Structures are given as structure tokens and as C-alpha cells.
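Student: Before I ask anything, here is the structure I am working with.
The values are calculated or read from the model by the stated rules, or taken from the named source; none is laboratory data. What you are looking at is a predicted structure, and each value in this text was computed from that prediction instead of being measured. Here the Cβ positions follow ideal geometry from the backbone for every residue, glycine too, while neighbour counts run over all protein chains shown.
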Amino acid sequence: MTRSSFMTRKELIGFLILAAVIFLLLPAMLDSFRLNLFGKYLTYAFVAVGLALCWGAGGILSLGQGVFFGLGGYCMAMFLKLEASTPENTAIQSTPGIPDFMDWNQLTELPVWWQPFYSLPLALLAVLAVPVVFAFIIGFAMFTRRVGGVYFAIITQAFAAILTILIIGQQGYTGGVNGITDLRTLLGWDIRTDEAKTTLYFVNGVLLFAVLLIAQYVRKSKLGRLLIAMRDQEDRVRFSGYNVANFKIFIFCLGAAFAGIGGAMFTLQVGFMSPTLVGIVPSIEMVIFCAVGGRLSILGAVYGALLVNWAKTSFSEAFPELWLLGLGGLFIAVVMFFPNGLAGVWSEQIEPRLTKLSKRSDTATPKRAAERAPAE
Amino acid sequence: MFADYSWPELGAIFAMQGFAGLILFSVFVLMALGLAIIFGQMGVINMAHGEFMILGAYVTYLLSNLFADYVPALFSMYFFVAMFLAFIASGALGLFVEWALIRHLYKRPLDTLLATWGLSLILQQVYRSVFGAREVGVSIPDWMMGSLPLTDLIEIPINGIFVMVLAVSISLGVYIMMFRSNWGKQVRAINQNRVMAGAVGINTEWTDRLTFGIGCGVAGVAGSAFTMIGSTGPTAGQLYIVDTFLVVVFGGAASLLGTIASAFSISQAQSIMEFFLSGSMAKVLTLLVVVGILMIRPQGLFAMKLRK
């Protein structure tokens, strides 16, 4: 059956549990403010899923995913900013009708490359296309010259640094270090109300599942198996007649597209976009989301993004000094002791015990479902 | 962009910016030398390199206060003691980190990268808890203040010259260690063929640990030298990490000469452009050119044949 080759029964259960957590459990348990926070965490999950494919399956560690997240987010923010900067709203400026930060920086006219962002379809296209084109250029240049491993990581990290400096330096065009703020409506629909935020949370969840299904498809396809083969024995795949570079470019671009969607959803739900989400530090934190969840598991990546961000928010509220120690310790612990992250802990430790348990007594089945959600 | 200036002025601008570039060059060389040892010879990515430098800077800061309080007579000389202690402190921490962390991860370079990033976060927080979040500066001895007037238009700060002299002497020191000492011979042997090096009786484990320690120690000396030209904060190390890695990679990872050449070209390009463009655009352009060249020539300026 085609269905079973796409998803085993176990994986299907995993997907369903995640769907229950995202669409039922979290909305039922949290108030609108907290739900919006979790929506923000879920936007990072897009990046983490992309990393699970690039890094976990393909062995390509990018320390510049924040670049793609930021590019997607900025494309969305530019559209929303233009919609918010109507001549009526900005009547007090010396040049009405352009975004406020341009006016503060003595710009009198909208730059040409901002013009396409008056149109929503073009902006949505840009959310996907800009990160992908950028990733293609980097990937093409690097992978066809067989640059990989740590060199690739360092170069992508340099791109994260370059884009941040550029955004902060070109204040008049990008909003500088504050980013693009004060976003109000999407085609007249106010995105700042509680109802809008809840709606956006569900849109975000649906998009995340679309991304997860694409990722699952890629993993189960021939491409997915080739990726793993390339990660483990790149030369053998090359000698078998495959063009290794093309597969790598494709998966890198796919990861960038995922990150771009995540960035756009971030802008919509949080209401601003700034260079603090683009730079070296956020980019490498996105890697830890993926690593905590389990670098091989796309579902684990989602749980990793949720857990680490949730821990970050609650810890830095309670003990701000301890959070960095905790995060640093997490990096070391995951690498040293749990290289397969939570998904590894689940499949190596918890699952075998549960199977043993369920064999012993039939009544264990409902208990198993209850234990699974917190365990992951 | 040149039209507004007369020829002598242009000459002075290039000379001054060139000199500023030379100071930046010294800074880059100091930063990159330790990394060139660790990354170039061992292939280990140490993202906490900046924090090892900051440790050296804080040691210098503590010592300058100690000398000022207890032995003010020797204050003008404290810096040399501080440099030595910075080397010991950072080197010792490096030895410990190699033993506790790095040696388990030699086979997984990408994981080393993440683990050392975690280490850098922990060190930053420790510095913040111990020394406070604010940047600290050391008091510079009198003989290092002021500047030498060269012509009417050109002036050279003395602490800049001092940092340059330091960079040259430390580079020479590293060169001698690498190519004239027994340790250097062993490191190069292991780099070429680890199994054979072990077979002829080199203690590869201990050499690795020592190499990592020495690299970190050199970083500590670099941090100590930085206190002469700037202040030190808990997160200052992170600012340098991308520059430092690019310098090393651009030079060709295993080549010390390449590291120095790339530090020179990057720093000169950046500081001369800085005069005509804004600082951030100069930085963006420099980094873009470096990354662009690396995309065309991934092995860097001075490539060495390496066994994978």
C-alpha cells in the first residue's frame, strides 16, 4: 500500500498525538497571551524541521538559518508596514505615505525594491522565493566545490553576521536595530486583537503540519535515503553516479523555504521583525532546538522547539542569571550524552519499556497514550 | 570619492588608515594565532575561543588592580606579569576543557562546534556573575599613553605600536614552537598521519591536549593585549568569533603564514574602506569579499595538502 510506505502506523500515531497537542491541548489549556507565545515557539519549529532534514538526514549543518527566517519575516513585515503606512496614518511625517523609520532617516521616497511589497501575492511569493534564491546561491557555490562540514557551518555563520550588520547599518531602508515595528493590519484585518492571534495560531499549526508532511514525504522518498547515504558515505554515493551537490542544494533550499515560512508567521503573530532574530546567536539557538528534539526526527524537532523556548521563557522570567548557564549546559549535555535528543531517549529508553509493559498487561494501553505526551 | 581631498591629504589619510589597519591587523593576528593552532592543526572548532581571550583580559584587569593597590612602584611593569599569568590561566582552562569535553568529540567536528558554543555561553555567564555585566578597563601605564607625531598630519598612538610589537613577537614565538620545537614536530606529524605518529612513539593524546592548551593560552595573551586598546565585557569575545574564523579559513586553515597574510589583507581593506564608507558598510563589504573569495577558492589563500 502506498500509505504504509509513506508513514508507518507508529509514525501516524506520532503525527496524531502532535496534532492533538497543537490543536486541542494547548488551545484548551492556555489563555490567549500564552497561546500566542506558543505560536511564536512553533514558528521556530519550522526552522527546526528544516534543520532535521539538512543536518540530521543530510549532515549539512547550517549556522545561518536565522538568515532565512529573517528574510521570510522581513518580506512579510515590509508588506504589513506598507499597509500600515497609509498617508492618513502617517500624516504628521514630513513625507506622508512612507514607513515611519524612513521618514526619521530623511528618506523622501520609497526605495524601488520596496515597491513590490504593496501587493500581498508578491509579498507571499517573496517570503518563499527570497530565502530559496539566497540559499540556492550559497548552496550552489559551496556544494559544487564540495565544501561541507565545518567550513560550510562557518561560512553560513558569516552570512548571519553580514546580514545583521547590513540591516542595522542601513537604518533608513530596513528600520535598523529596532527592526520593522508597529504592524497593524493584513488586508484590513487587525492582527493585534486576541481573536486574530488565536486564528493565526491555528493557521500557523496547519502550515506546520503541511511542512511536516512535506518533510515526511522527503524522508521516505528516494531522496531521503540518498541524503542519509550521502551523510554517511558521500564518496560512495558520488561513485554510484549521483550528483551529490544537486541533492544537497535541494535540501538546503527546502530548509530555507521552511525557515522563510516560519519567519513570516513569526512576523504575523508577534507583530514585528528585527535583526535580533537574524544574527549568529538566534541562528545557533535554532540548531539546539533541533538537537534537543533529536536531529533525526522531524516530530522531535517540533517538541524541541516548544520545550527549549518554553524553558527559556519560564527560566528567564524566574532566574535570569541561570538561563545562560542552563542553555550552555544543554548544548553540552545534548552533544555529549544524548546525541539523538529526546526522540532518541524516547525510542531507546521509554518505548522498549512501554512495549514490555503493554505485553504484561492489556490494561496498559490507555496509560501509554497518557504517558507519551509529557515524555516527548 | 577621492575628488574632495588634495594629494597630500589623501596620502595622509591612507597612511593613517593604513596604520589603523596595522593595529587591526595585529589584533586579528593575535586573535587568529591561537585559533590557527587549534583549528588548523587539530581541526577542532572552538567557538569558545573568544571567551578564552576574555579570560586573559580579566586576568590582566585583576592584576592591574592588584599592582596599583599593593606594589605601585612596579605598576609600569605589571603588564608583562599579566601576560604570563593570562597564558597560564587560559592554557590551564584549555587543558581542562580538552580533557572534559573535546577529547570525546574528535570524531564529530560539528558536535564539537555546538558543545564549545555551550561552553562559551557558560563562561560568559560566569564572567558576568563574577565581574559584573559592565565593561571594565585597565589603567594603562604612563609610558604607553600618548602618541608619536610623525609629520604634521600623521600621528601614531604608542599603545598601538605596543600591540603591534606584541603581535610580531607572539607570531615569532608561535613559529618557533611550531617549526623548531619537539612539540611542534609532533603536532605536525600527528596532523599528517595520526596512526603512524602514534606508531613511532608519539603520545598523540597528550600532544592533542597540550596543543589545545597552548592554543587557548595564546588566546589568553591576545586578550591580555586587547586591554591596552579597549575595554573588556563578558560578551566581548562573541563579537570577534566570526572575524577570527574567517581570518583563519581565508588564510588556509593549516598555514600560519596564510593566517598572517589573510589577517593583513582583511584588516587593511576594512580600515581603508572605513574612512570612505560608514563603518558597518566597510565591514559588510569586507566580509562579503572574503566570503565570495572563499566560495571560489574554498581552500583559502595558502592551501596545504591535507589528509582527510
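Student: Looking only at segment B:253-287, how many residues end up being β-branched (Val, Ile, Thr) and under 18 Å from the mean Cα position of the chain (by Cα)?
Tutor: 3
Student: Looking at (1) more than 14 Å from chain B (Cβ to nearest Cβ); (2) closer than 19 Å to residue A:60 by Cβ, find the lone condition where residue A:264 falls short.
Tutor: (2)
Student: Quick test for you: out of A:327, A:296, pick the one residue that is aliphatic (A, V, I, L, M) and assigned to a helix (DSSP H, G or I).
Tutor: A:327
Student: Another question, then. Among A:45, A:77, which is the only one that is under 11 Å from the mean Cα position of the chain (by Cα) and either in a helix (DSSP H, G or I) or under 19 Å from residue A:231 (Cα atoms) (or both)?
Tutor: Answer to the check: A:45.
Student: Please go through segment B:222-241 and give me each residue that is over 16 Å from residue B:23 (Cα atoms) and either within 10 Å of the chain's Cα centre (by Cα) or without any contact (Cβ under 8 Å) to a residue 24 or more places away in the chain (or both), ordered by number.
Tutor: B:241
Student: What do you reckon, is residue B:298 within 13 Å of chain A (Cβ to nearest Cβ), in a loop (DSSP other than H, G, I, E, B), without any contact (Cβ under 8 Å) to a residue 40 or more places away in the chain and not aliphatic (A, V, I, L, M)?
Tutor: Yes.
Student: Turning to a different aspect of this structure: Determine which member of the set B:213, B:118, B:137, B:184 is crowded, with 17+ Cβ neighbours inside 10 Å, under 22 Å from the mean Cα position of the chain (by Cα), away from chain A (no Cβ under 14 Å) and under 25 Å from residue B:233 (Cα atoms).
Tutor: The unique qualifying residue is B:213.
Student: Going by what's in this entry, would residue A:62 be described as under 30 Å from residue A:176 (Cα atoms), outside any helix (DSSP H, G or I) and at pLDDT 90 or above?
Tutor: Against the criterion (under 30 Å from residue A:176 (Cα atoms), outside any helix (DSSP H, G or I) and at pLDDT 90 or above), residue A:62 qualifies.
Student: Also: What's the number of the only condition in (1) within 28 Å of residue A:32 (Cα to Cα); (2) of a type in the set (Ser, Thr, Tyr); (3) without any contact (Cβ under 8 Å) to a residue 60 or more places away in the chain that residue A:267 fails to meet?
Tutor: (3)
Student: Write out, first by first residue and then by second, each pair whose Cβ atoms fall under 6 Å of each other, whose residues are 6+ apart or on separate chains, and whose first residue, in segment A:118-129, is free of Cβ contacts under 8 Å to residues at least 60 places away in the same chain while the second is of a type outside the set (Gly, Ala, Ser).
Tutor: Once the first residue is free of Cβ contacts under 8 Å to residues at least 60 places away in the same chain and sits in segment A:118-129, its partners that are of a type outside the set (Gly, Ala, Ser) give A:118/A:82; A:122/A:116; A:123/A:75; A:123/A:79; A:123/A:117; A:126/A:75.
Student: Another question about this same structure. Among the numbered criteria (1) within 13 Å of chain A (Cβ to nearest Cβ); (2) buried (at least 22 other Cβ atoms within 10 Å of the Cβ); (3) under 28 Å from residue A:152 (Cβ atoms); (4) over 13 Å from the mean Cα position of the chain (by Cα), which single criterion is violated by residue B:246?
Tutor: It is condition (4) that residue B:246 fails.
Student: Do you know which residues across segment A:331-346 are in a helix (DSSP H, G or I) and more than 7 Å from chain B (Cβ to nearest Cβ)?
Tutor: If the condition is that a residue be in a helix (DSSP H, G or I) and more than 7 Å from chain B (Cβ to nearest Cβ), then A:333, A:334, A:341, A:342, A:343, A:344, A:345, A:346 are the ones that fit.
Student: Ok, one more. Restricted to segment A:159-185, and to residues that are within 22 Å of the chain's Cα centre (by Cα) and not in a helix (DSSP H, G or I), which residue is surrounded by the most Cβ atoms within 10 Å (Cβ to Cβ)?
Tutor: My answer is A:180.
Student: For segment A:143-158, which residues satisfy the criterion of being closer than 18 Å to residue A:283 by Cα and facing another protein chain (nearest Cβ under 7 Å)?
Tutor: If the condition is that a residue be closer than 18 Å to residue A:283 by Cα and facing another protein chain (nearest Cβ under 7 Å), then A:149, A:150, A:151, A:153, A:154, A:155, A:157, A:158 are the ones that fit.
Student: Can you tell me which of (1) more than 11 Å from every other protein chain (Cβ to nearest Cβ); (2) in contact (Cβ under 8 Å) with a residue 40 or more places away in the chain; (3) assigned to a loop (DSSP other than H, G, I, E, B) is the one residue B:143 doesn't meet?
Tutor: Unmet for residue B:143, out of (1) more than 11 Å from every other protein chain (Cβ to nearest Cβ); (2) in contact (Cβ under 8 Å) with a residue 40 or more places away in the chain; (3) assigned to a loop (DSSP other than H, G, I, E, B): (3).
Student: Next up: Could you list all residues from segment B:217-244 that are at pLDDT below 85 and touching a Gly at 6+ places or on another chain (Cβ under 6 Å)?
Tutor: B:231, B:237, B:238, B:240, B:241
Student: Consider segment A:121-162. How many of its residues are among the hydroxyl-bearing types (Ser, Thr, Tyr) and closer than 16 Å to residue B:288 by Cα?
Tutor: 2
Student: Name the residue that is nearest to residue A:47 (Cα to Cα), counting only residues in segment A:109-142 that are of a type in the set (Val, Ile, Thr) and within 14 Å of another protein chain (Cβ to nearest Cβ).
Tutor: Of everything passing the filter in segment A:109-142, A:138 is nearest to residue A:47 (Cα to Cα).
Matching residues to (1) assigned to a helix (DSSP H, G or I); (2) aliphatic (A, V, I, L, M); (3) in the same structural domain as residue A:156 (by TED's automatic domain parsing); (4) closer than 29 Å to residue A:164 by Cα:
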| residue | (1), (2), (3), (4) |
| --- | --- |
| A:195 | yes, no, yes, no |
| A:201 | yes, no, yes, yes |
| A:211 | yes, yes, yes, yes |
| A:231 | yes, no, yes, no |
| A:235 | yes, no, yes, no |
| A:250 | yes, no, yes, yes |
| A:255 | yes, no, yes, yes |
| A:262 | yes, no, yes, yes |
| A:276 | yes, no, yes, yes |
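Student: Would you check which residues across segment A:163-193 are in contact with an Asp or Glu (Cβ under 8 Å, 6 or more places away or on another chain) and polar (S, T, N, Q) and list them?
Tutor: Matches in segment A:163-193: A:185 only.
Student: Restricting attention to helices (runs of 4 or more DSSP H) lying wholly within segment B:170-239, give those where 1 or more residues are aromatic (Phe, Trp, Tyr).
Tutor: B:182-192, B:204-226
Student: Do we find that residue B:113 is touching a residue at least 40 places away in the same chain (Cβ under 8 Å), within 14 Å of another protein chain (Cβ to nearest Cβ), in a helix (DSSP H, G or I) and hydrophobic (A, V, I, L, M, F, W, C) in this structure?
Tutor: yes
Student: While we're here: Every residue in segment A:275-319 that is under 16 Å from residue A:68 (Cα atoms), buried (at least 24 other Cβ atoms within 10 Å of the Cβ) and of a type in the set (S, T, N, Q), please.
Tutor: A:283
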